[in-house]
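A quick write-up on the structure given underneath.
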Amino acid sequence: MEHAMMQQVVEYPEEHEVGGAMKVEVAYDGVHHSAFRYKHKKRSKVWEEYKPIFLNGKVQFAECLYCHNRLSCKDSNGTSHLWRHQKICPGKPESAERRQKDSYFPYVSVNEHSPVSPIDPVNVIISETLDDIGSVIPSRFKSKVWKEFTPVYVEGKLQAADCIHCQKRLSANKFGGRSHLSRHLLTCPGRRGIVHNQPKIPFHPSSAPTLKSRVHDELSPALTNGKVQIAEYSSKLLRTSSSGETTPIIRPIQMVPTHQFPPASDGTCLKKQKTSFVNTSADMGARKFGQETSYQELAKMIILHAHPFSIVEHEEMRRFIKNLNPMVDAISHNDMEEHCTALFQKEKVNLKDIITLSSRRVSLSASIWTPDGSEPTVNYLCLTAHFIGDDWKVQRIIIKFGMFWSSPTNLERIIHCSGASVPDSESGSYNVMWDAIRDWNLDHKILSFTSVGDVRNSPNTLKLKEMLIEKKCLSIRGRLYNIACLDDVLNSVVSQGQADILRLVGDAAMEFFVARASSPSAQQQLLEVISQMSLKCPQEDAKWWHKFYFRLEVLLQFKKSFPSENLLNPEDMNVAESICKILRTFYRVIEVISCPSSVTANIYFNEVWKVRTVLQEEASNGLGEISRLVMEMQEAFHGYWQDSYLWLSIPVVLDPRFKISFIEFRLKRAFGTNSESYLSEIRETVRELFNEYCNPTDRPSAASNSAALDADDNDLLDDWDQHLNEQASCQISTELDDYLEDGLVPRKDDFDILNWWMNHTTKYPTLAAIAQDILAMPASAVQSEAAFSSSGPVIPKHYSTLSIKTIEALVCARDWMK
């Protein structure tokens, strides 16, 4: 026995260390089997096909007599894995048929033509993890989901699963279940194309992938310090032979170099890092899935900066995107147009829900937009909604952009913009506005309507007003409908005296600037004066009076900085100061009412009163020519005041710092005894509006409750119902009277009227609802930048070639994103 034992140890001298801690004993014959049988009383028959290998006197491995693979064999492991190996052993001919039927062991082959040698590195590793892997496969991978996932092991324990479609790695420990893997397959971007574009066909050996394609899909264990750290197995594949017969190919496990899985810098093993699986390879499916997000961001950029859709087809843009992410597919301008439209539709649904579900009324404003560039041959109507939300913040959103007018004789537009043509049934103020009212469910939510001159004077606008009044869609019989845009009125007023203004002081101002531009030193002196001013320089496309006003301010500031300079004669200087004072008031008023921050309506009355006051003062300053000029302006302004004093006064009544007493004070000092007619109409309109909000028909009443009574008893209760209605009206009226009789709130610079009404909703519920609607009314239909521009609000010129639906999507979406 000792002689035989010595023979076996000599065969593997590298595994036997005389003075070391490890001692390997290998038994081949029956002599040592008896000794082995002595240590293990219940010897399994499986050992007839294995050679036991001892380490330090204990059995640690079993070497197959057919394929010479070594399997772990500790006392705690049992021998079931040895039986399973015999069923699929590649060196055992009679097991071929059995292996073909097995579907649970996804072994991977490195080289199907080269057998594993006894000194192969995989044989000398301590393969306790290999045994664990093999022992769990039948019970753990019976779920159908594993046909589309590759298990990933860390130190012999299942920790993750890689999707074979998109290579995304998901956690998959023994406690986590498999439902999340099934859910991933439902949304897997790599699998989606297979599911939707290809029919399901059964797997046949003839359709199995080739050896070359299988090798790319196979992941294998990495060896670190002699132990298997990560093992990834792919599904067992069948290979078709050249003769057409199919034979299963069972391959030894492929090894991955250790450097691909570096240990943690702090020395912790991979097991401690199992919660952070990072896929070092390109996540193809995730990048494809991320393309939609990338396209959406690109669409937002195009919308916000008004780029043409064709920018995505520029070679420079495509090269830039490819350098950022080679996996992003190229996109056409048609596809980008669809992305932009989809963004618009998605956000529109959200905004419509907010307005529809709100109980608040909406004020509308209409402005005319033109294409940027040369003389426009087409005008667009932009409809904007103004309201105060449940958070008591003023909201301003564009809800409609349609065709207002198009020149029928513009042959070039008919040829180049054939796709942008709009039928008459969809153009004009009536069609555009009524379509928006129906689309946004505003037929019973309109409070006021403010518009520029072209819209306000259009017969179609008046036609729409009559129709809305007939349908009872407007408050207080349409008195707040078709309000004139204040900045539009002021532009019209100053235009009345354009010729006189330029004649009186235009030449003198021009001579001053020509003299200042004659030398570099004079120019530098002028620029220093301008830098001391807080006034913003107008744009090149600004209105004429805005540019002229800026030059007058510069001239007066220069005179103040250099009083010794003889700039103008005293008479011309007085005229310049008077005209500059008028234009300064106009400029500041327009700047306030068209502020992008959307001010509340209670400030409009005071701003308009400033215009009236400055015109009245300059008309009586003693300068004959200026007086005649200002009188013409006053006549134009008086028409606006007659049409607008009512809607300007209502928000002031709802300002707790002023109320009706402030209106009485202003009007009596301005109009004397004639003020009573103004005040009487204001009081009646406020009470009518209050009663409209308190209409008993809008809520349950005593009359509606009595309807359930017997018909014979109704006649006896009519007087009682009338008494209850009168009593309710008196109680409701008391809220308005109490508010008007309560003391005024002290005026402070930081007073917030919306916050005040929000805090007094309980005390004045009806008035708070009215204030929430009234204070959102606009005085201007455009913002300040467009109000001072000679062309007004514009759209990029290349928009003109697009369909009106696409233009609407771009304009509205841009407004909503800002």
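The values are calculated or read from the model by the stated rules, or taken from the named source; none is laboratory data. In this text, all values refer to a predicted model and were calculated from it rather than measured experimentally. Here Cβ is always computed from backbone atoms with ideal geometry, including for glycine, and neighbour counts include all displayed protein chains. For accessibility, only protein heavy atoms count, side chains too; no ligands or nucleic acids. Shrake-Rupley method; radii C 1.70, N 1.55, O 1.52, S 1.80 Å.
Can you name the residue in region 368-386 that is surrounded by 16 or more Cβ atoms within 10 Å (Cβ to Cβ) and polar (S, T, N, Q) and, of all such residues, is modelled with the highest pLDDT?
Going through region 368-386, the residues surrounded by 16 or more Cβ atoms within 10 Å (Cβ to Cβ) turn out to be 368-372, 376-386.
If we keep only those that are polar (S, T, N, Q) too, we end up with 370, 377, 379, 384.
Working: Thr370: 92, Thr377: 78, Asn379: 90, Thr384: 96.
Only one residue tops the list, namely Thr384.
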Which residue out of Ile682, Ile650 is open to solvent by less than 60 Å² (accessible area, probe 1.4 Å) and in contact (Cβ under 8 Å) with a residue 40 or more places away in the chain?
Ile650
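Residue check: is Val489 of a type in the set (A, V, I, L, M, F, W, C), open to solvent by less than 10 Å² (accessible area, probe 1.4 Å) and either more than 17 Å from Val575 (Cβ to Cβ) or touching a strand residue (DSSP E or B) at 6+ places or on another chain (Cβ under 6 Å) (or both)? Step through it out loud before you land on a result.
Working: of a type in the set (A, V, I, L, M, F, W, C): yes; open to solvent by less than 10 Å² (accessible area, probe 1.4 Å): no; either more than 17 Å from Val575 (Cβ to Cβ) or touching a strand residue (DSSP E or B) at 6+ places or on another chain (Cβ under 6 Å) (or both): yes.
No: the conditions fail for Val489.
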Among the residues of region 496-526, how many are in contact (Cβ under 8 Å) with a residue 24 or more places away in the chain and open to solvent by 60 Å² or more (accessible area, probe 1.4 Å)?
3
Is it the case that some residue within region 780-796 is surrounded by fewer than 20 Cβ atoms within 10 Å (Cβ to Cβ), of a type outside the set (D, E, K, R) and more than 28 Å from Tyr640 (Cβ to Cβ)?
yes
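For residues that are more than 19 Å from Asp487 (Cα to Cα) and in a helix (DSSP H, G or I), scanning just region 620-633, find the one that is most open to solvent (accessible area, probe 1.4 Å). Quick ask: steps written out before the conclusion?
Going residue by residue through region 620-633, those that are more than 19 Å from Asp487 (Cα to Cα) are 620-629, 631.
Among the residues that remain, those that are also in a helix (DSSP H, G or I) are: 624-629, 631.
Details: Gly624: 42, Glu625: 88, Ile626: 4, Ser627: 21, Arg628: 147, Leu629: 3, Met631: 116 Å².
For region 620-633, the residue satisfying everything is Arg628.
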Quick test of your reading of the structure: Asp443 fulfils all but one of (1) buried (at least 20 other Cβ atoms within 10 Å of the Cβ); (2) in contact with a helix residue (DSSP H, G or I) (Cβ under 7 Å, 6 or more places away or on another chain). Name the failing condition by number.
(1)
Of the residues Leu480, Leu468, which is open to solvent by less than 80 Å² (accessible area, probe 1.4 Å), modelled with pLDDT of 90 or more and part of a loop (DSSP other than H, G, I, E, B)?
Leu480
Flag for Ser451 being open to solvent by less than 10 Å² (accessible area, probe 1.4 Å) and within 34 Å of the chain's Cα centre (by Cα)
yes
Is it fair to say Phe637 is without any contact (Cβ under 8 Å) to a residue 60 or more places away in the chain, open to solvent by less than 50 Å² (accessible area, probe 1.4 Å) and of a type in the set (Phe, Trp, Tyr)?
no
Tell me, yes or no, whether region 399-407 has at least one residue that is at pLDDT below 90, more than 27 Å from Leu468 (Cβ to Cβ) and open to solvent by 10 Å² or more (accessible area, probe 1.4 Å).
yes
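Test Ser182 against the criterion of being modelled with pLDDT under 65 and either closer than 28 Å to Trp83 by Cβ or under 38 Å from the mean Cα position of the chain (by Cα) (or both), and give yes or no.
Working: modelled with pLDDT under 65: no; either closer than 28 Å to Trp83 by Cβ or under 38 Å from the mean Cα position of the chain (by Cα) (or both): yes.
For Ser182, the condition - modelled with pLDDT under 65 and either closer than 28 Å to Trp83 by Cβ or under 38 Å from the mean Cα position of the chain (by Cα) (or both) - is not met.
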So, in region 325-367, how many residues would count as being open to solvent by less than 30 Å² (accessible area, probe 1.4 Å), more than 29 Å from Asp391 (Cα to Cα) and not in a helix (DSSP H, G or I)?
2
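Each row is one residue, and each column tells you yes or no for (1) open to solvent by 60 Å² or more (accessible area, probe 1.4 Å); (2) modelled with pLDDT of 50 or more.
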{"position": "Ala172", "(1), (2)": "no, yes"}
{"position": "Leu186", "(1), (2)": "yes, yes"}
{"position": "Ile194", "(1), (2)": "yes, yes"}
{"position": "Ser206", "(1), (2)": "yes, no"}
In contact with a His (Cβ under 8 Å, 6 or more places away or on another chain) and not charged (D, E, K, R), is that true of Tyr549?
no
Matching residues, region 43-71, being open to solvent by less than 40 Å² (accessible area, probe 1.4 Å), in contact with a Pro (Cβ under 7 Å, 6 or more places away or on another chain) and modelled with pLDDT under 85:
Val59
